[in-house]
Amino acid sequence: MATGKKEKDTSTEEKILAAARIVFTKKGYAATKVRDIAAEADINLSLVNYYFRSKEKLFEVVMAEAVQKLVFEIAGVFNDEQLSVLEKVSKAVNYYIDLLLENPDFPLFLVNEIIGGEDMFSRAAQQHVLFKSHLFRQLFEMQKEGRLKVHPVHIMMNVIGMVVMPFLAKPLLERNELVKNEEFRALMNERRTLIPLWLKGMLG
């Protein structure tokens with residue numbers, strides 16, 4: 001009996017979290033009400049409060065998941081001193097394309113929160129593994145030695161933009177019938193090879 005109850009509890013919790021991801025992405029943190037999440041999950045409002053106590057607590061759980069996936073799971077690659085800049089970026093590009101193909105709403109979710117002024121993502125990831133990583137130190141060393149002619153932040157902004165921007169632009173591309181879902185996936189898979197090539201050109 002206890003096992004069955006635990007499974008039921010886990011299922012309900014996951015249902016609430018799935019609904020929260022959808023509603024937070026559509027409305028942002030500030031505009032979301034707990035009852036919106038309950039309605040999306042098709043469960044009683046009191047159950048949401050029972051499992052997560054407050055909207056803020058629920059958002060913290062959703063954001064912690066995002067930070068874990070977007071930041072900390074790739075930390076080992078960014079800090080691997082045996083890998084070159086291109087090798088690190090190639091591995092990171094593959095990781096993020098896989099992640100965003102599975103979770104295409106992630107970019108919009110994070111942009112909504114940053115623009116909305118809550119910026120819980122930045123606070124949660126204040127020990128950001130990218131900007132304090134061995135990868136970033138490599139780029140600054142290349143700049144110091146004259147092998148990199150631009151500020152390292154330009155490199156990182158370009159790489160982030162080349163991976164993330166297509167997912168933000170996808171609805172526009174689809175509305176204008178430029179790509180369908182499978183075509184978009186194929187294009188993103190092509191970028192696994194193209195982005196490191198473009199980066200090589202930037203590095204000179």
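Using only helices, what value at 222 nm comes out for the chain when you add -39,500 (n - 2.57) per DSSP H run of length 4 or more and divide by the total residues, to the nearest 500 deg cm²/dmol? Please list the in-between numbers first.
On the way: 11 runs with 157 residues, N = 204.
The helix-only estimate for the chain comes to -25000 deg cm²/dmol at 222 nm.
Which of 69/180; 27/88; 15/132; 91/170 have a Cα-Cα distance over 28 Å?
On the way: 69/180 26 Å; 27/88 35 Å; 15/132 36 Å; 91/170 23 Å.
With Cα atoms farther than 28 Å apart: 27/88; 15/132.
What's the angle, to the nearest 10 degrees (0 to 90), between helix 85-102's Cα axis and the longest principal axis of the chain?
Once rounded, one gets 30 degrees.
Kindly give the semi-axes, whole Å and largest first, of the ellipsoid equivalent to the chain, taking each as the square root of 5 times a Cα gyration tensor eigenvalue.
Semi-axes (√(5λ), whole Å): 36, 20, 16.
Give me 195, 22 ranked fewest to most by other Cβ atoms within 10 Å of their Cβ, as a rough exposure proxy. Don't jump to the answer; show the numbers that get you there.
Numbers: 195 21, 22 16.
So the residues, fewest neighbours to most, are 22, 195.
Could you tell me the calculated FRET efficiency between residue 182 and residue 65, based on Cβ-Cβ distance and R0 = 45 angstrom, to the nearest 0.05?
Values: r = 27 Å, r/R0 = 0.60.
After rounding, the FRET efficiency stands at 0.95.
Compare the Cα positions of 71, 32, 134 along the charge dipole of the chain (+1 at Cβ of Lys, Arg; -1 at Cβ of Asp, Glu; about the Cα centre) and return the one farthest towards the positive end.
About the Cα centre, the residue reaching furthest to the positive side is 134.
Which peptide among 89-98, 181-190, 61-70 comes first, and what is the full order, when sorted by highest mean count of other Cβ atoms within 10 Å?
With the highest mean Cβ count within 10 Å placed first, the list reads 89-98, 61-70, 181-190.
Quick note: the coordinates plus some simple rules give every number you see, no bench work behind them. The structure presented is a predicted model; accordingly, all values stated were derived computationally and were not measured. Cβ atoms come from the backbone with ideal geometry, glycine included; neighbour counts cover every protein chain shown.
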